[in-house]
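Engineer: Have a look at this one.
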Amino acid sequence: MPFLPITLEEMKEYGWEQPDFVYIIGDAYIDHPSFGPAIISRVLENFGYKVCIVSQPDIHDDKPFKLFGRPRLAFLVCAGNIDSMVDHYSVSKKRRKKDYYTPNGEMGKRPDRALIRYCSKLKELYPDVPVVCGGIEASLRRLNHYDYWDDSVRRSVLLDSHADLLLYGMGEKTIVQVADALDSGLDIKDIIYIRNSVWKTKDKDLLPEDAIWLPSYDEVLADKMNYVKSFQMQYQNTDAFTGKALIEPYKNVYVVQNPPEFPLSQEEMDATYSLPYMRACHPLIEAKGHVPAIDEVKFSVISNRGCYGGCHFCALTMHQGRIIQSRSKESILDEIKAISKDKDFKGYIHDIGGPTANFYRPACGKQLKHGVCTTRECIGYNPCKNLEVDHTEYLDILKEARKLPGIKKVFVRSGLRYDYIMYDKNPEFFEELIKYHISGQLKVAPEHVADEVLVRMGKPSRGLYDEFVNRYENLNHKFGMDQYLVPYLMSSHPGSTLNSAIELAEYLRDSGHMPEQVQDFYPTPGTASTCMYYTGIDPFRGDKVYVPKNPHEKAMQRALMQYKLPQNYDLVYEALTKAGRQDLIGFDKKCLIKPRGSKVGYIPPRKGRETKTGNKKTK
């Protein structure tokens with residue numbers, strides 16, 4: 001059928017008297033496979049279940065929650081594609097002005113801590129109907145977690161939301177098992193055996209015998225080292241092949257995380273993405289205003305999921321896992337053919353990729369048989385000697401895609417690991433990327449240049465990035481192209497001192513790049529970097545790490561990344577003076593700023609233009 005029902009009239013038109021599931025979502029309803037609720041609802045539909053959608057209900061009004069009445073099996077709840085607190089607040093804890101997942105980008109159409117509010121409302125209105133929560137907010141808050149907005153450790157969101165069951169990670173297999181169990185008449189309290197699920201009990205006899213006991217919530221609150229231990233144990237059990245069940249004790253209840261679900265096979269991935277998505281926002285919602293989130297993904301194709309990149313500030317390991325799962329070339333090309341028939345399609349595929357576009361296959365052959373290493377990273381600061389580097393299959397997909405009728409250009413815009421490109425002894429992928437798949441500029445993420453910061457980030461050394469930049473420029477020159485390199489850089493990450501920030505500023509001076517926007521480290525649930533931020537301990541190395549928390553110091557580190565801006569002068573001057581780097585204040589070409597009283601005289605680049613890396617020219 002077309003879009004799933006969002007009104008009672010639509011449900012009646014489909015001939016339904018009662019839905020099996022009512023799905024409460026914090027985003028506008030977009031039926032596109034880049035949005036988790038679209039996948040989950042289409043998978044359930046494919047297995048014969050009736051799903052109705054309630055999109056962005058007003059938490060202060062009972063009517064939208066009662067719109068379809070009592071579902072036959074359960075309510076499903078997803079706060080949205082992004083954690084609601086991240087969606088609402090910047091790293092400085094200021095309210096954002098725009099919600100890209102809402103018509104017209106309007107802010108305020110979902111509540112803070114949306115998962116808790118939605119589930120609690122449902123339990124208030126329908127106390128005897130099962131409530132099953134999932135999505136990124138549930139997944140990354142499934143056990144104790146540091147909450148940046150409260151500046152404290154919160155307990156499992158399963159307890160605070162009053163939901164009956166929590167599904168973490170990617171849920172295609174899990175949701176069908178839950179649906180089938182409920183459909184068979186099983187009580188929600190007895191569904192305690194499904195992988196990728198988290199449940200709660202007061203009965204100690206129900207706890208799995210081979211489970212790992214985490215430090216209790218009270219122990220975590222009492223000692224930050226217990227938080228580190230808990231994070232380490234959670235991180236080491238994110239793999240389906242080796243992961244054990246985890247038990248987190250509270251005063252009067254146990255929260256149990258079952259082991260992760262096994263990765264999807266290529267056939268299962270193909271089946272998931274071949275479902276009849278409309279690839280658009282529901283017309284009744286679109287009539288309220290355009291939803292900006294659809295723009296970048298409407299003509300993009302997801303080729304893989306999972307990531308073994310090991311960036312410590314990223315939660316992908318906790319959510320999608322480290323084992324790469326990929327679609328077949330045929331499945332991807334079929335989707336592109338379908339996209340090309342869209343009335344708004346202009347011939348440009350915006351992206352073929354995933355969390356990391358050029359991770360199309362597992363890091364090594366053993367992972368699909370034995371799982372990932374629990375004490376070793378695949379790539380990170382130092383790559384594993386067993387890392388298998390091969391772009392052949394992914395490049396073949398790109399080549400075939402650009403040959404299809406009606407396709408003018410195929411871009412790669414999702415994350416590319418430049419270190420993986422550099423480790424490839426075959427130069428063909430890098431050359432083809434530059435010749436055919438860049439839209440004028442390539443965005444990569446070195447994140448920093450100081451090695452003492454990079455090792456805490458799990459990113460490769462600066463030397464490798466310098467080699468990449470040189471090679472990129474040489475290849476552009478070789479092919480007679482004038483394409484730009486735009487590095488994503490981060491300030492105030494754990495491990496970053498003022499001296500580290502100054503080193504980054506000197507790099508920007510020497511490269512001629514001046515970022516128009518600055519990314520400050522954002523402590524979010526589920527990441528190793530957040531563990532460092534809260535505890536001051538690196539959970540992988542076990543040593544103490546410097547954490548810039550003072551707002552004024554963070555402002556200085558940010559200002560150093562845009563040291564030429566007149567409004568940043570005082571902060572930059574203070575930082576250089578405090579660090580004893582007055583040698584960078586003066587009129588020499590190596591200086592970042594001029595002495596006080598001198599005319600700054602900086603004219604920023606025109607909006608939308610980037611400074612070309614390596615030759616100090618502004619286009």
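Here, each number is a calculation from the coordinates, and none is a lab measurement. What you see is a predicted model, and the numbers here were worked out from it, not measured in a lab. Every residue, glycine as well, gets a Cβ built from its backbone with ideal geometry; the counts of neighbours run over all protein chains shown.
Engineer: For residue 221 and residue 570, calculate 0.36 nm times their separation in residues minus their Cα-Cα distance, and state this gained length in nm to one decimal.
Structural biologist: The residue 221-residue 570 span can extend by a further 121.7 nm.
Engineer: Here's something else I'd like to know. Could you order peptides 450-456, 123-129, 282-288 by the average number of other Cβ atoms within 10 Å of their residues, highest first?
Structural biologist: 450-456, 282-288, 123-129
Engineer: Related question: Report P(r) for the stretch 431-538: all Cα-Cα distances, bin width 10 Å, range 0 to the bin holding the largest distance, values in whole percent.
Structural biologist: Calculated P(r), rounded to whole percents: 13, 41, 29, 14, 3, 0.
Engineer: Could you give each residue of the stretch 420-437 its phi-based ³J(HN,Hα) in whole Hz, using Karplus coefficients 6.51, -1.76, 1.60 with θ = phi - 60°, and x for Gly or Pro?
Structural biologist: Working through the residues one at a time gives 5, 4, 5, 6, 6, 6, 8, x, 4, 4, 4, 5, 5, 4, 5, 6, 10, 10 Hz.
Engineer: Another question, then. Filter 63/123; 200/244; 459/590; 343/403 down to the pairs with a C-alpha to C-alpha distance above 24 Å, please.
Structural biologist: Flagged as over cut-off: 459/590.
Engineer: Now, a different point. How big is the stretch 441-481 by Rg and Dmax over its Cα atoms, in Å?
Structural biologist: That works out to 12.2, 38 Å for Rg and Dmax.
Engineer: How large are Rg and Dmax for the stretch 73-164 when only the alpha carbon atoms are used, in Å?
Structural biologist: 13.5, 42
Engineer: Please work out which option in (i) 80, 51, 44; (ii) 77, 63, 49; (iii) 137, 89, 44 gives Cα extents along the principal axes in Å calculated from these coordinates, and answer with its label.
Structural biologist: Only one listed value fits the structure, namely (ii).
Engineer: Given R₀ = 25 Å, what would the calculated FRET efficiency be for residue 186 paired with residue 266, taking r from the Cβ atoms and rounding to 0.05?
Structural biologist: Efficiency at R0 = 25 Å is approximately 0.20.
Engineer: Also, quick follow-up: In whole Hz, what ³J(HN,Hα) sequence does the stretch 274-286 give by Karplus (6.51, -1.76, 1.60; θ = phi - 60°), x for Gly and Pro?
Structural biologist: Coupling constants for the stretch 274-286: 9, 5, x, 5, 7, 6, 7, 7, 4, x, 5, 7, 4 Hz.
Engineer: Between residue 598 and residue 497, what FRET efficiency follows from the Cβ-Cβ distance if R0 is 41 Å, with the result rounded to 0.05?
Structural biologist: That gives a FRET efficiency of 0.90.
Engineer: Further question: I'd like to compare 131-139, 363-371: which one has the highest average count of other Cβ atoms within 10 Å, and what's the full order after that?
Structural biologist: 131-139, 363-371
Engineer: Given the stretch 154-257, what whole percent of its Cα pairs are spread farther than 22 Å?
Structural biologist: 31
Engineer: Modelling each spin label as a point 7 Å along the Cα-to-Cβ direction, I'd like the residue 98/residue 66 distance in nm, to one decimal.
Structural biologist: Each label point lies 7 Å from its Cα, and together they span 3.8 nm.
Engineer: Take residue 204 and residue 244, extend 7 Å from each Cα along the Cα→Cβ direction, and tell me the distance between the two endpoints in nm.
Structural biologist: For residue 204 paired with residue 244, the spin-label model returns 1.8 nm.
Engineer: Which residue, chosen from 363, 120, 185, occupies the Cα position most advanced towards the positive end of the dipole of the chain, where the dipole is computed from +1 (Lys, Arg) and -1 (Asp, Glu) charges on Cβ about the Cα centre?
Structural biologist: 363
Engineer: Of the GluC sites (Glu not before Pro) in the stretch 511-600, which ones lie in a loop per DSSP and count no more than 15 other C-beta atoms within 10 Å?
Structural biologist: 516
Engineer: Determine, from the Cβ-Cβ distance of residue 284 and residue 12 and an R0 of 22 Å, the FRET efficiency 1/(1 + (r/R0)^6), rounded to the nearest 0.05.
Structural biologist: 0.90
Engineer: While we're on this one: Tell me the label-point distance for the pair residue 162, residue 591, using the 7 Å Cα-to-Cβ offset, in nm and rounded to one decimal.
Structural biologist: 6.5
Engineer: Working out 0.36 nm times the residue gap between residue 152 and residue 516, then minus their Cα-Cα distance, what length gain in nm do you get to one decimal?
Structural biologist: 127.8 nm
Engineer: Here's something else I'd like to know. Could you tell me the relative contact order of the stretch 1-78? Use alpha-carbon pairs under 8 Å, at least six residues apart, and round to a whole percent.
Structural biologist: 46
Engineer: Cα axis of helix 392-403 to longest principal axis of the chain: angle in degrees, 0 to 90, nearest 10?
Structural biologist: 90
Engineer: What ranking, highest mean first, results for peptides 239-251, 152-164, 584-596, 185-197 when packing means the other Cβ atoms within 10 Å averaged over each residue?
Structural biologist: Listed from highest to lowest mean packing, they are 152-164, 239-251, 185-197, 584-596.
Engineer: Right, another one. DSSP loop GluC sites (Glu not before Pro) in the stretch 366-400 with at most 15 other Cβ atoms within 10 Å of their Cβ, which ones?
Structural biologist: Within the stretch 366-400, the qualifying GluC sites (Glu not before Pro) (loop, at most 15 other Cβ atoms within 10 Å) are 388.
Engineer: If contacts are Cα pairs under 8 angstrom and at least 6 residues apart, what is the relative contact order of the chain in percent?
Structural biologist: Once normalised by length, the contact order is 11 percent.
Engineer: Restricting to the chain, what percent of DSSP beta bridges are antiparallel, rounded to 5?
Structural biologist: The antiparallel fraction comes to roughly 40 percent.
Engineer: Please give the helix 498-511 orientation as an angle from the longest Cα principal axis of the chain, in degrees from 0 to 90, rounded to the nearest 10.
Structural biologist: On a 0 to 90 degree scale, this one is about 70.
Engineer: Which cross-chain or sequence-distant (5 or more) residues have an amide H under 5 Å from the amide H of residue 96, H modelled 1.01 Å from N in plane?
Structural biologist: Those qualifying (amide H under 5 Å, at least 5 residues apart or on another chain) are 89, 90.
Engineer: How long are the semi-axes of the equivalent ellipsoid of the stretch 276-317, defined as square roots of 5 times the Cα gyration tensor eigenvalues? Whole Å, largest first.
Structural biologist: They are 30, 13, 8 Å, listed largest first.
Engineer: Tell me which cysteines of the chain come out unpaired when the rule is another cysteine's Cβ under 4.7 Å.
Structural biologist: Those would be 52, 78, 119, 133, 281, 307, 364, 373, 378, 384, 531, 591, since no other cysteine Cβ in the chain comes under 4.7 Å of theirs.
Engineer: Under the rule of at least 5 residues apart or a separate chain, name every residue whose amide H is placed under 5 Å from the amide H of residue 444.
Structural biologist: Those qualifying (amide H under 5 Å, at least 5 residues apart or on another chain) are 486, 488.
Engineer: Residue-wise, which Karplus ³J(HN,Hα) couplings in Hz belong to the stretch 587-596, taking 6.51 cos²θ - 1.76 cosθ + 1.60, θ = phi - 60°, and x for glycine or proline?
Structural biologist: 10, 5, 5, 7, 6, 7, 9, 8, x, 4
Engineer: Once both axes come from the Cα atoms, what is the angle between helix 114-125 and the longest principal axis of the chain, in degrees from 0 to 90, rounded to 10?
Structural biologist: It works out to around 20 degrees.
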